[in-house]
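In what follows, a structure is listed as structure tokens, so that the remarks can point back to it.
The values are calculated or read from the model by the stated rules, or taken from the named source; none is laboratory data. Computed from a predicted structure; not experimentally measured. Backbone-built Cβ (ideal geometry, glycine too); neighbour counts: all protein chains shown. All accessible areas refer to the heavy atoms of the entire protein, side chains included, with ligands and DNA or RNA removed. Shrake-Rupley method; radii C 1.70, N 1.55, O 1.52, S 1.80 Å.
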Amino acid sequence: MHRPTALGGALAALATAAAGVLVAAAVSTTPAAAATGGTGTGYLHTSGNKIVDSTGATVRLTGINWFGMETDNKTFHGLWSSNPWRGQLDTMARLGYNTLRIPYSNDALKPGATATGVNDFVNPDLVGLSPLQILDKVVDYAGSKGMRVILDRHRPTSAGQSPLWYTSTVSEATWIADWKMLAQRYANNPTVIGADLHNEPHAEGTNPAATGACWGCGDTARDWRLAAERAGNAILGVQPNWLIFVEGVSCPSGGLSNVWDNDPSNDEDCGWWGGNLSKAGQFPVRLNVANRLVYSPHEYATSVYHQAWFDDPTYPANMPAIWDRYWGYLYKQNIAPIMMGEFGTTLQDPKDKVWLQNLMAYTGTGVNGMSFTYWSWNPNSGDTGGIANDDWTTINQAKQDILQPYLIPPTGGGTTSPAPTTPVPTTPAPTGGCTATYKQVNAWQGGFQGELTVKNSGTAALNPWSATWTWPSGVTLASGWNATVTQSGTTVTAAAPTWASSLAPGASVTVGFTANGTAAAPGAVKLNGTAC
């Protein structure tokens, strides 16, 4: 859902160097005395290079992208899988992703727009809903998990991205009007914290006949900085509490250099699409409401495009200076917060692992580090893959292991569903036992969806943990999440996943599932063989 840079300079064919040792180039941070988890209280705003909540506590957004609403499906991808949409959000939140960046196209917002690619059997509650109505449900449930949501205008139409924020068929007026509609729709819902105005503005045309997005050139038809001000101020006129996320360009001139003229003196310093904020210090985005601006660069690995800097003999020691030049200086000079809106890799090239490790170290640790939303949850991102595997249930542990130390899980919230929580019939739990509660989330003809929450009420951690329960004859498992769920006869086993194998004393785990047959609560629940 992104594209590589349009390079302006001649690419030197440098010899590939071995990926070096991990660079300790983290942004300087100080341990936070407060706000060690979650996404804060109320609406967010900025203070210098920090994002803070309504109480002034620092908030670090550590999120993930879930795309699809910008495509022909006009809604989230993976809704066709056997993992219900709530189950996917449950996993994101449990892994530590506290923010959801949601790409969309203006096509998905049109009256009469239809969402496709939804598994009606697994997601019966989405049947017949419009793309916006599905978005409403995702926003509400994400909010119930303590997550925040950033809306990303990814494409004018589902056909593809555009270098400018408007096209011959989608005008600037439409772009702004749709943003104002969304700002009004979620005006009283602090789960939705802001607008990523347009995805990956970039160069087009060869200089001096540039036709793409420039920064600071002064041409109102091409200057992305000026367009961001117009849209940002229009949005703030409707919803002054939103953050305005502004991406960079690729080449500040808005055009590509002539790489065939053998004259490097006039070749421009270009970066990733949306990733070049080198002129934002000189030409800042000016908004009518103070403390609302967040710069949001994109950054990618060799799996997206093999940039010249990956072949520098000093790699990866050369990377912090590149990040400083394109966008890091805005943070280090306390000009504005950084929220890296997209970054990702397949990890197939050993250089990419080093790149991801160094990039995360660069953002800093703890609540005072730079914010980010990883690309992507989706496994069907062609040049990066996802955190989710192809089953949309299990996860890519190699990627998660690198990101995990920097994730700040959301806190608070149960679910938005009004379904009652009914205790599972139990016998008194012995010392060192467990407790269990069950909630039926949904039911339809021939099946139902439920959540079983099991708590370790003992004094020792269970590693690995495993829960079992029984169902009446005729009830069969269809899908499960947050554990490896299997069935043998009338007994169902939920085994600990590799990424969360331990259950600490006092901790609980919620196993979600869909089942065929007449809705029935789990019976004879046990945790590691001890009755609950």
- [ ] Go through TYR305, TYR141 and list them by solvent-accessible area, largest first, probe radius 1.4 Å.
- [x] TYR305, TYR141
Open item on the list: Give me the extension gain from ALA209 to ALA524: residue separation times 0.36 nm, minus the current Cα-Cα distance, reported in nm with one decimal.
Closed with: 106.1 nm
Open item on the list: With the crude spin-label approximation of a point 7 Å out along Cα→Cβ, what separation in nm comes out for ASN288 versus SER168?
Closed with: 3.4 nm
Open item on the list: How big is the dipole moment of the chain about its Cα centre under a simple scheme where the beta carbon of each Lys and Arg is +1, that of each Asp and Glu is -1, and everything else is neutral? Debye, nearest 20, please.
Closed with: 1600 debye
Open item on the list: I'd like the distance separating the alpha-carbon centroids of the stretch 467-532 and the stretch 221-245, in whole Å.
Closed with: 48 Å
Task: Rounded FRET efficiency, nearest 0.05, which uses the C-beta distance separating VAL238 from ASP401 and R0 of 35 Å - done: 0.25
Task: Angle in degrees between helix 350-363 and the longest Cα principal axis of the chain, rounded to the nearest 10 - done: 90 degrees
TODO: Mind checking which aspartates and glutamates have their Cα closer than 19 Å to the Cα of LYS145? Skip sequence neighbours fewer than 8 apart in that chain.
DONE: ASP53, ASP90, ASP125, ASP136, GLU451
TODO: Would you mind calculating the gained length between ASN516 and ASN189 on full extension (0.36 nm times residue separation, minus the Cα-Cα distance), in nm to one decimal?
DONE: 114.2 nm
Open item on the list: If I model the stretch 136-263 as equal point scatterers sitting on the Cα atoms and use the Debye formula, what is log10 I(q)/I(0) at q = 0.11, 0.14, 0.21 Å⁻¹?
Closed with: -0.43, -0.65, -1.17
Task: Accessible carbon and sulfur surface of the stretch 261-406 relative to its total accessible area, %, 1.4 Å - done: 49 percent
- [ ] May I ask you to list the aspartates and glutamates whose Cα is less than 12 Å away from that of LYS353, ignoring any residue fewer than eight positions away on the same chain?
- [x] ASP401
Task: Cα→Cβ-extended label distance, 7 Å offset, between THR55 and ASP269, nm - done: 4.2 nm
TODO: Measure out, as a whole number of angstrom, how far apart the alpha-carbon centroids of the stretch 81-98 and the stretch 191-209 sit.
DONE: 29 Å
Open item on the list: Taking the Cα of THR114, stepping 7 Å toward and past its beta carbon, and measuring to each backbone N in the stretch 146-175: which are under 20 Å?
Closed with: 157-159
- [ ] Could I have the simple spin-label model distance between ASP136 and THR411, label points 7 Å from Cα toward Cβ, reported in nm to one decimal?
- [x] 3.2 nm
- [ ] Starting from the Cα of LYS180, draw a straight line to each of the lysines and keep only those under 25 Å, dropping any in the same chain fewer than 8 residues away.
- [x] LYS74, LYS110, LYS137
Task: 25 °C / 0.890 mPa s Stokes-Einstein diffusion coefficient of the stretch 137-203, Kirkwood radius on C-alpha pairs, µm²/s - done: 188 µm²/s
Task: Fraction of the pair-distance distribution of the chain above 41 Å, Cα-Cα pairs, percent - done: 23 percent
- [ ] Answer with one residue from ASN207, GLY56, THR470: the one whose Cα lies farthest towards the positive end of the charge dipole of the chain, charges on Cβ with Lys, Arg +1 and Asp, Glu -1.
- [x] THR470
